[in-house]
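Engineer: Pasting a structure here, questions to come.
The values are calculated or read from the model by the stated rules, or taken from the named source; none is laboratory data. Everything numeric here is computed off the predicted structure, so don't read it as measured data. Reconstructed Cβ throughout: ideal geometry from the backbone, glycine too, with neighbour counts over all protein chains shown. Quick note on the areas: whole protein, heavy atoms, side chains included, nothing else; ligands and nucleic acids left out. Shrake-Rupley method; radii C 1.70, N 1.55, O 1.52, S 1.80 Å.
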Amino acid sequence: MTDHSPAERAPPAAAGSYRLSLRDWTSKHATELQLLVGLGLLILIFSLIEPSIYPTVDNVRNIARQAGILLVVAIGQMFAITVGGFDLSVGANMGFTSVATAQALGAHGVAPAIIIGLLVGAAIGLANGLLIAKLRVSPFVVTMAMLYFLTGYSNVRSAGSSVIANHPSFQWFGRTDWGFLPSTIGIGLIVLLLAMVFTGRTRIGLYVYGIGGSRETCRLAGIPVARYETITYMITGMLAGAGGIMAASRVSVGQTGLGAGYELRSIAAAVIGGAVIGGGKGRLSGVFLGVALMTSLTVGLGVTGTSTFQQQMAIGVALVVAVLISQVRGGRIRRVSDVVPAFLQLLGLARRDEGGDRGIPAAAPVADPTDDDTG
Amino acid sequence: MTPAEPAAGMLAGAPAVRDGSGDAAAARLEGISKSFPGVKALDDVSLDVRRGEVHALLGENGAGKSTLVKILAGLIRPDSGHIRLDDAEVVFHGPRDAQRRGISYVPQEVQAVPDFSVGRNMLLGFEGPFDRKGKLTAKDRRLTREALDLCGASFSESAMAGQLSVPELRLAQISRTLLHPGDVILLDEPNAALSENDAAAMLERLHTLRDQQKAIIYVSHRLTEVLGIADRITVLRDGHAVGTFPRAELDKDKIVSLMTKDSTLGDRQPAGTVEALERVETAAQRAQPVAATNGKPLLEVDSLTSAPNLLDVTMSVRPGEIVGVAGVQGSGHGHLLRAIAGVDGYDRGRIAVGGQSLHPAVVRHAYRAGVVLVPADRRASAIVPGLSVRANLTLPIHSTARRAGMRRIRRERQLAREYVDALGIRPANTEILAGNLSGGNQQKLALARALVSKPSVLLLDEPTQGIDVAAKAEILALIRQLVQDVGFGVVVASSEFEELLAVTDVIHVMSQGRLVATFPTGEADYERILHAALP
């Protein structure tokens, strides 16, 4: 056909805006700003309680060390949530990958072990993705089944015990520090950077948000939806695998139980960071701050001598508070009686009202989630 | 009427008792008005229905038929007006109230819990505290069986609803009304999902219900059918009742003119469209006509069949031509576009672009051949509300704003700017969320996204559905102008005939899956299209 470019006959339109105003920027990053405030408050409180321990360089590095692995896994989890599902098998994936990597390390050396570990993680994600996207089994069932299967298989392979992963250069991936920077957070930041490029600059990244936001629209736009959904779970699996390698390096063993709890912690971090179960929304900067908040909270509680059980309770409270704040801001909660329905909607347990039938905006005003790095 | 014992009401000798009340209205609506944001759906409408009578409600899309029926079913509360049952005024706070007062409502969509038996579905809402999901009591079985028999249903009351066909489920829904305590039955387009034969069989059942002294309000698009069954007919237009007539006073022509013309004001277009048409006509005059309409067909559709929605449809589109496909709801005009776009498969026939056949049901293949659909349900299938305008424009699989899978942000911005300006999307900000645009601007965005793919055939399914008059006019003018400028072929499917009259070169009319008439737009008028479109 002839040239379709509409510019040739474009009437001189009123000067539009192609960049966000400061107000729009604030509104777009409101979740992040809230999390920053929350993080600041936490640090302030713990620093007042334990002034000699909490606000020290060593403690910050300790927090960073702990946060690195969760950051890598939570970024992967965010992709699974954004595409419209979630992955309960990331913890089991970490355990399995740690065992596989430790065994490969003994047999083949560091570089092959790392590559094998990442491939194993990706393969697990591929299996999840094929079952979810092609066979349309629910993500809950698929990834929970995968959790059981991998836990068992990993114990079979390791005969139920730990596999030594003790090699000097393997320690660079979780145990030692890169100069000042703990290696886990170093890897975490590299992954964050790559993920930003992925979400903001690649076609797949765009489609993760597109499919999560409106599967039907993408299908009608000719996008092979199942393929991209599968790839997304593969990335989630590979990042969980990376988390498993880091965990193995950190404690110098591969072990089935290394990733226990990461499935829920990664979901919590992503949701605190603004991801919505159901898909279409999820921001890397939010996930980063969600991880920072959760880790600062647990470390802080640990420093003040609170028990692990109480730390779990605190995370539960933090999760609900974070989510309620975002609901209040989104206008979905205006009365106290709106709290429960809004929360159910958020968890995907209740249907969301489409559009502003009752004058309730369907979303925060401005927040294209793919624009983490392009603002 | 005793609300407590649902099943005891109607099946046994009740009609005999009520013989004497034959001419008193079982239900009466008086001066009902209802507004929705931006529209007055009903304005001072009155209606009554007697026992042993079928009262048909006719009108175009948006005339207010469904709203009226839903008010009587307790689903919508009127802004003003009264509802009387057997001369006693009632106020419904919800559908359950209406049900208790003896009103049973069969909605437009066929609904059932697939994993429950037919009997369990029919008794839904009437369960005692110890009724089990899987098992019907002997009494329940007897009652449901009787009702099904009366309606001539051959399937078992213990069959799973999920295994029944749509007509069978519809029959079960209608039988269900016999279990209700009351006498008023509301049927909202009960045969919209049915084939001709099934619809005819269903009409037979209405006679049975009428003989049971039920008071039936029947909403339909199908004139012939209504004329065959109704005792009285009320015609609605733009939320007003044009009048209520005994069946004997009306024929098809009379009804069509009642539905479209205001007898006191002479010819008129439905509200708001006059201005729209003027604006489009001005735009059309501005642009010089292209002489391309004699060229070889760009798109050829040959005997396309996908029963029961498409039956032997043949049509073609030439470059620079805008072809309209008119049809009322359920006529298959939307299915036609979805089949051409590769969204839905079909049984038989051929779709070719530039002589090349397209694969059935492969969207990507259609895209590659230059056939791009702008779907009807904007929010659900034409845009991604949670992505920015710019990201939405970058979505299609073949985009010039990418290289080797990497997005070229600068090119994206430039592209988005071009299209936002060219199509006049407001606010002119490429970074805001698509979901925050108004309906008209979302439609422009959907159009822009289709244009980004540089189509040779553009398919527009209900392009102005649910958007305001000004935006409507703007979009129609835009379509016209794009065709003048670019010379691609366009197919517009719409149930709003006046918009087809405004933009198309030729109009095909579809009814019940078939192309029933074709008019060059110059020779068509609203009434002729409607006449052909109504089955």
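Engineer: Need one word for segment A:53-133: rounded, prolate or oblate. Basis is the Cα gyration tensor (sqrt eigenvalues a ≥ b ≥ c); a/c below 1.5 gives rounded, then a/b vs b/c decides. Don't skip to the answer; put the middle values down first.
Structural biologist: On the way: a/c = 3.20, a/b = 1.23, b/c = 2.61.
Oblate, because a/c is 1.5 or more while a/b does not exceed b/c.
Engineer: Also: How much accessible surface area, in Å² rounded to 10, belongs to the heavy atoms of B:Val166 with a 1.4 Å probe?
Structural biologist: Roll a 1.4 Å probe over it and B:Val166 shows about 70 Å².
Engineer: Let me ask something else about it. Put +1 on the Cβ of every Lys and Arg and -1 on every Asp and Glu Cβ in chain B; which of B:Val506, B:Thr464, B:Thr260 then has its Cα farthest towards the positive end of the dipole?
Structural biologist: Farthest towards the positive end: B:Thr464.
Engineer: In terms of solvent-accessible area of protein heavy atoms at a 1.4 angstrom probe, what is the ranking of B:Met202, A:Met196, highest value first? Don't skip to the answer; put the middle values down first.
Structural biologist: Numbers: B:Met202 5, A:Met196 40 Å².
Of B:Met202, A:Met196, the descending order of accessible area is A:Met196, B:Met202.
Engineer: Report, in listed order, any pair from B:Lys65/B:Lys472; B:Lys214/B:Lys254; A:Lys134/B:Lys135 with a Cα-Cα distance greater than 31 Å. Walk me through the numbers on the way to the answer.
Structural biologist: Numbers: B:Lys65/B:Lys472 24 Å; B:Lys214/B:Lys254 28 Å; A:Lys134/B:Lys135 36 Å.
From the list (B:Lys65/B:Lys472; B:Lys214/B:Lys254; A:Lys134/B:Lys135), the Cα-Cα distance tops 31 Å for A:Lys134/B:Lys135.
Engineer: Compare B:Lys296, B:Lys214 by solvent-accessible area with a 1.4 Å probe and give them largest first, with all protein chains kept in place. Intermediate results must be reported in sequence, preceding the final value.
Structural biologist: Numbers: B:Lys296 170, B:Lys214 0 Å².
Highest to lowest solvent-accessible surface, that is B:Lys296, B:Lys214.
Engineer: Right, something else. In sequence order, what are the phi-derived ³J(HN,Hα) couplings for segment A:265-273 according to the Karplus relation 6.51 cos²θ - 1.76 cosθ + 1.60 with θ = phi - 60°, rounded to whole Hz, with x for glycine and proline?
Structural biologist: Using θ = phi - 60°, the values come out as 5, 5, 5, 4, 4, 5, 5, 4, x Hz.
Engineer: I would also like to ask the following. Which ³J(HN,Hα) values in Hz, rounded to whole numbers, follow from the phi angles of segment A:106-111 under the Karplus curve 6.51 cos²θ - 1.76 cosθ + 1.60, where θ = phi - 60° and Gly and Pro get x?
Structural biologist: Karplus values, whole Hz, x for Gly and Pro: x, 8, 10, x, 5, 4.
Engineer: Further, regarding this structure: So how long is each side of chain B along the principal axes, counting just the alpha-carbon atoms, biggest first, in Å?
Structural biologist: Sorted from largest, the Cα extents of chain B read 76, 56, 43 Å.
Engineer: Now for a separate question. Which value, in Å² and to the nearest 10, is the accessible area of B:Glu89 when all protein chains are kept and the probe is 1.4 Å?
Structural biologist: Approximately 100 Å² of B:Glu89 is accessible to the 1.4 Å probe.
Engineer: Before anything else, pin down the relative contact order of chain B: Cα pairs under 8 Å, at least 6 apart, normalised by residue count, whole percent.
Structural biologist: About 15 percent, as a whole number.
Engineer: In sequence order, what are the phi-derived ³J(HN,Hα) couplings for segment A:202-212 according to the Karplus relation 6.51 cos²θ - 1.76 cosθ + 1.60 with θ = phi - 60°, rounded to whole Hz, with x for glycine and proline?
Structural biologist: 10, 4, 4, x, 4, 5, 4, 6, x, 5, x
Engineer: Another question, then. Only helical DSSP H runs with n ≥ 4 go in: add -39500 (n - 2.57) per run for chain B, normalise by residue count and round the 222 nm mean residue ellipticity to 500 deg cm²/dmol.
Structural biologist: -9500 deg cm²/dmol
Engineer: Which order do A:Thr298, A:Thr143 take when ranked by solvent-accessible area (1.4 Å probe, heavy atoms of all protein chains), largest first?
Structural biologist: From most accessible down to least: A:Thr298, A:Thr143.
Engineer: How long are the semi-axes of the equivalent ellipsoid of segment A:120-258, defined as square roots of 5 times the Cα gyration tensor eigenvalues? Whole Å, largest first. Please list the in-between numbers first.
Structural biologist: Values: eigenvalues 202, 95, 14 Å².
Semi-axes (√(5λ), whole Å): 32, 22, 8.
Engineer: Here's another thing I want to ask about it. Before anything else, pin down the relative contact order of segment B:414-485: Cα pairs under 8 Å, at least 6 apart, normalised by residue count, whole percent.
Structural biologist: Once normalised by length, the contact order is 28 percent.
Engineer: Another question, then. Compute the Cα gyration tensor for segment A:27-68, then decide on rounded, prolate or oblate, letting a ≥ b ≥ c be the square roots of its eigenvalues: rounded whenever a/c is under 1.5, prolate when a/b is larger than b/c in the other cases, and oblate in all that remain.
Structural biologist: Details: a/c = 4.19, a/b = 1.61, b/c = 2.60.
Cα axes put segment A:27-68 in the oblate bin.
Engineer: Here's another thing I want to ask about it. Tell me whether segment B:384-431 comes out rounded, prolate or oblate; compute the Cα gyration tensor, take square roots of the eigenvalues as a ≥ b ≥ c, and use a/c under 1.5 as the rounded threshold.
Structural biologist: prolate
Engineer: Right, here's the next one. Determine the shielding of peptide B:376-385 by partner chains: average, over its residues, the number of Cβ atoms on other chains within 10 angstrom of each Cβ.
Structural biologist: Counting Cβ atoms of other protein chains within 10 Å of each residue's Cβ and averaging gives 5.
Engineer: Restricting things to alpha carbons, find the Rg to Rh ratio for segment B:110-191 using the Kirkwood radius for Rh. Spell out each step's value before the answer.
Structural biologist: Values: Rg = 11.9 Å, Rh = 12.8 Å.
Ratio value, two decimals: 0.93.
Engineer: Amide H to amide H under 5 Å from B:Gly354: which residues, 5+ apart in sequence or cross-chain, H placed 1.01 Å off N in plane?
Structural biologist: The list, which skips near neighbours in sequence, is B:Leu299, B:Glu300.
Engineer: From other protein chains only, count the Cβ atoms within 10 Å of every residue's Cβ in B:424-433, then give the mean. Provide the component values of the computation, followed by the final result.
Structural biologist: On the way: counts 4, 2, 3, 3, 6, 8, 5, 13, 8, 10.
Shielding by partners across B:424-433 averages 6.
Engineer: Okay, moving on. Amide H to amide H, which residues 5 or more places from B:Ile507 or on other chains are under 5 Å from it, using H placed in the peptide plane?
Structural biologist: Amide H neighbours of B:Ile507: B:Gly324, B:Phe519, B:Thr521.
Engineer: Could you work out the pair-distance distribution P(r) of segment B:57-209 from its alpha-carbon pairs, with 10 angstrom bin width and percents rounded to whole numbers?
Structural biologist: Going from the shortest bin to the longest, the percentages are 10, 38, 35, 15, 2.
Engineer: Using protein chains only and a probe of 1.4 angstrom, how many square angstrom of B:Ile32 are accessible, to the nearest 10?
Structural biologist: Spelled out: B:Ile32, probe radius 1.4 Å, area about 0 Å².
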